[in-house]
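Asks: Below is one structure. I have some questions about it.
Each value in this text was obtained by applying a stated rule to the coordinates, not by laboratory testing. If you're wondering where the values come from, they're calculated on a predicted model, not measured in any experiment. Methodologically, a virtual Cβ is constructed for each residue, glycine included, from the backbone with ideal geometry; neighbour enumeration extends over all protein chains shown.
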Amino acid sequence: MLIGLQNVTFEFGARVIVSDATWHIQPGERIGLIGYNGTGKSTLLKVLVGQYTPSKGTVEKGRDTTIGYLHQDLLSFDTSETITEVALGAFERVRELEKEIEQLGIELEANPEDNDILIKYTDALHEIDVLDGYNVQHKAEEVLHGLGFTTADLARPYKEFSGGWRMRVLLAKMILQAPDVLLLDEPTNHLDLPSIEWLEKYLLHYKGSVVIVSHDKFFLNKMVNKIVEVYQQQLNFYTGDYEYYEVEKVQRVEIQQRAFENQQDYIRQQEKFIERFKAKASKAAAAQSIQKRLDKLDVIEDVQIERPNIRINFAVDKTPGKVLVDLKGVSKSYPKQVILENAFAEIERGDKIALIGANGKGKSTLLRIVAGMEDYEGERVWGHNVDESFYAQHQLESLNLNNTILQEVQECGTKKTDLELRALLGCFLFGGDEVDKRIKVLSGGEKARVALTKTIISKANFLMLDEPTNHLDMVTVELLADALTKYDGSIILVSHDRYFISKTANKIWEIEDEKIIEFKGTYHEWIEWKERMAKQKAANPESPKQAPAEKKQQKTEPVNVPEVKASPIGPIDKELQKQIQKLQKALSQLEHNIETLNKEKVEIELQMADPAIYSDVAKFQTIEKSYHDKNALIRSMNKEYEIAFNDLLELESK
């Protein structure tokens, strides 16, 4: 056992989080910690790491067990160090050794004949080599790249980044520390799809144990082999992924319900006997005996549903025309980035579009262009009878702070009764008297849920949603996805929740090379198509990307939105040729530089092979430093070459 709880009871005031709970985390386990919002998942992690002390029971931890804990409170950390330096903080011993080696080197220069200093110096060199200390820079950069940072970002101060990006840096540091147990509280909240996929691949090969709190079903299904559910103040254990849990949970509930009903029937029969015969002398002893058995009976609890099985329903007042939005030759750029260049796209009645891709590609910008909330060049033609509703985090500013939650949704002009509004608010985790809270006292997440509720009851026939599942638990995400699937209107949404996308979208939009690339099909079909294209490119790098014949879009006019093609229709792009030539030139230069560096490295190795070099400590230190610097530069250039080579393959396949 690495860490665990033994008969732990923990309360917040009068509210019990867990009662007499026992849970031991073993080596190699990947655990999903789940439960409805408010059941105490994050609190339980804090109990495990000792931030909270249980009122009963003990928290057990192996003597040498190391723990990494990623949580929202870490965002209070601030520093002027670069993000690379923050990530390198994971290698405390290596950093200590680097300083120690530097100091010993200075001392050796002053006392070259001091054998004790030389021994310490060589011991420190040996230890840093054993710890693979010369590669820590490369490791840190590799993890930061995997989590979405560019090479240019690596030298920027940590304090310049927003909360979501800061959390990525701290996640990188934690990964690099490689603790025995990783406790991750909503790790995907601040990641885009490519970064989530990278994290999945990394954690699948992680040697330590991992405990994950997440509302992302896709992520849990890939990551975990065990589920721990916080339910009715107890911990319930399931050996399998989230899908296994869903099936097994239903079966357990049914079995418990039948056992409860059977026991209640038995109790009622026995109580009838006791009531009937307790006054008769001949039967009194038997009645007393039965009563004693009932008193000792281990009573089976009734199955209580903590969340009501409510459905969210959308209403649409009017039917729009065939085309809701037509984007013609749209361009959008910022001082340091081009988002769109002469892009075309259409949103038709019945479309449910998921806008996906890496952060920084301009998904939210495109969504605002569609909504008419962003300046751009080109033409945006609004369709007939379109009644839209837009949801994004900045919409929270439009909430009336003096209203109660119920008053805020009442003012939407809906004809729903207060009972219906309360039921809908219950889906978004506002139950009972909570609907009477003032908006001004709500947290950011609570305000977001109020704004989302307002969007849903607007009766619009076109919804534009920017990360609608943030701050929702899995049950509410399921309810929302189910409602959007049945929704008669059209949708365009930005989300990193792959389960939500897979349930709702019938089209995928991706921004690639400043164009809008459309795929007609589900998220699963899009993934399968991307994998086929990747295999095709690997097998034949010279062949262009092609869409399946059955998916080709039939249009007489040139468009930038082929149904499945991964590049816009049109003649060979001169700008594309320029980019290819530029990359080819860069690759040639990199090859030359790497070859030169390798020759220089060989020369240094020949010098280090000379025994005489070790008699001059200062000269040895200079040559050794030069050797490690050369190695680091070669690794860096090889990485740069790999990126440039992949970019060239991508361009040549268009």
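Asks: Can you tell me which of 337-347, 255-265, 14-24 comes out highest on packing, and rank the rest after it, using the mean Cβ neighbours within 10 Å? Mind dumping the intermediate values first?
Replies: Values: 337-347: 19.7, 255-265: 12.6, 14-24: 15.7.
Ranked from most to least packed, the peptides come out as 337-347, 14-24, 255-265.
Asks: Moving on. For a Förster distance of 41 Å, can you work out the FRET efficiency between the beta-carbons of GLU127 and GLN234, rounded to the nearest 0.05? Kindly include the intermediate steps, with their values, before the conclusion.
Replies: Details: r = 47 Å, r/R0 = 1.16.
Working from the Cβ atoms, E equals 0.30.
Asks: Give the long-range amide H neighbours of LEU465: residues separated by 5 or more places, or on another chain, with amide H under 5 Å away, using H modelled in the peptide plane at 1.01 Å from N.
Replies: TYR391, ILE492, LEU493, VAL494
Asks: If you average the C-alpha positions of region 238-287 and of region 310-331 separately, how far apart do those two centres end up, in angstrom?
Replies: Region 238-287 and region 310-331 have Cα centres separated by 53 Å.
Asks: Can you give me the Cα centroid spacing of region 6-39 and region 464-510 in angstrom?
Replies: A separation of 30 Å, based on Cα centres.
Asks: If the chain between SER55 and ARG532 were fully stretched, how many nm would it gain, using 0.36 nm times the residue separation less the Cα-Cα distance?
Replies: 166.2 nm
Asks: Please give the Cα centre distance for region 137-212 versus region 44-120, rounded to the nearest Å.
Replies: 18 Å
Asks: Once you have a ≥ b ≥ c as the square roots of the Cα gyration tensor eigenvalues for region 400-458, tell me rounded if a/c is under 1.5, and otherwise prolate or oblate according to whether a/b is larger than b/c.
Replies: Judged from the Cα gyration tensor, region 400-458 comes out rounded (a/c under 1.5).
Asks: OK, next. Can you find, among TYR242, GLN51, LEU191, the residue farthest towards the positive end of the dipole of the chain? Put +1 on the C-beta of Lys and Arg, -1 on that of Asp and Glu.
Replies: With unit charges placed on the Cβ atoms, the residue in question is TYR242.
Asks: While we're looking at this one, here's another question. Could you rank the peptides 182-195, 585-598 by their average count of other C-beta atoms within 10 Å per residue, with the highest value first? Before the final figure, lay out the partial values.
Replies: On the way: 182-195: 21.3, 585-598: 13.1.
Ranked by mean Cβ neighbours within 10 Å, highest first: 182-195, 585-598.
Asks: Which FRET efficiency, nearest 0.05, do GLU11 and TYR134 yield, Cβ-Cβ r, R0 45 Å?
Replies: On the way: r = 50 Å, r/R0 = 1.12.
The value I calculate is 0.35.
Asks: Moving to a separate point now. Here are several values of Cα extents along the principal axes in Å: (i) 81, 57, 56; (ii) 78, 65, 54; (iii) 111, 77, 51. Which one was derived from the coordinates shown?
Replies: Given (i) 81, 57, 56; (ii) 78, 65, 54; (iii) 111, 77, 51, the calculated one carries the label (iii).
Asks: If packing is taken as the mean number of other Cβ atoms within 10 Å per residue, what is the order of 163-174, 372-383, 440-451, 209-220, highest first? Spell out each step's value before the answer.
Replies: Details: 163-174: 20.9, 372-383: 13.9, 440-451: 16.8, 209-220: 23.4.
The most tightly packed comes first, giving 209-220, 163-174, 440-451, 372-383.
Asks: Can you compute the helix-only [θ] at 222 nm over the chain? Use -39500 (n - 2.57) per DSSP H run of at least 4 residues, normalise by all residues, nearest 500 deg cm²/dmol.
Replies: Working: 19 runs with 292 residues, N = 654.
Estimated from H runs of four or more residues: -14500 deg cm²/dmol.
Asks: Can you give the extra length, in nm with one decimal, that the chain gains between ALA358 and GLU248 once fully stretched, where that is 0.36 nm per residue apart less the Cα-Cα distance? Don't skip to the answer; put the middle values down first.
Replies: Details: separation 110, 0.36 × 110 = 39.60 nm, distance 3.53 nm.
Full-extension gain reported as 36.1 nm.
Asks: For region 221-237, take each phi angle, set θ = phi - 60°, evaluate the Karplus expression 6.51 cos²θ - 1.76 cosθ + 1.60, and give the result in whole Hz per residue in order, putting x for glycine and proline.
Replies: Karplus values, whole Hz, x for Gly and Pro: 4, 7, 8, 9, 10, 7, 10, 10, 9, 8, 8, 6, 6, 10, 9, 10, 10.
Asks: When the chain is fully extended, how far beyond the present Cα-Cα distance does THR150 get from THR404, taking 0.36 nm per residue of separation?
Replies: On the way: separation 254, 0.36 × 254 = 91.44 nm, distance 4.39 nm.
Using 0.36 nm per residue and subtracting the Cα-Cα distance, I get 87.0 nm.
Asks: Express the C-alpha Rg of region 250-306 as a ratio against the empirical globular expectation 2.2 N^0.38 Å, rounded to two decimals.
Replies: Details: Rg = 14.6 Å, N = 57, 2.2 N^0.38 = 10.2 Å.
Ratio of Cα Rg to 2.2 N^0.38 Å: 1.42.
Asks: Moving to a separate point now. Roughly what % antiparallel, to the nearest 5, for the DSSP beta bridges in region 182-331?
Replies: Bridges in region 182-331 are about 55 percent antiparallel.
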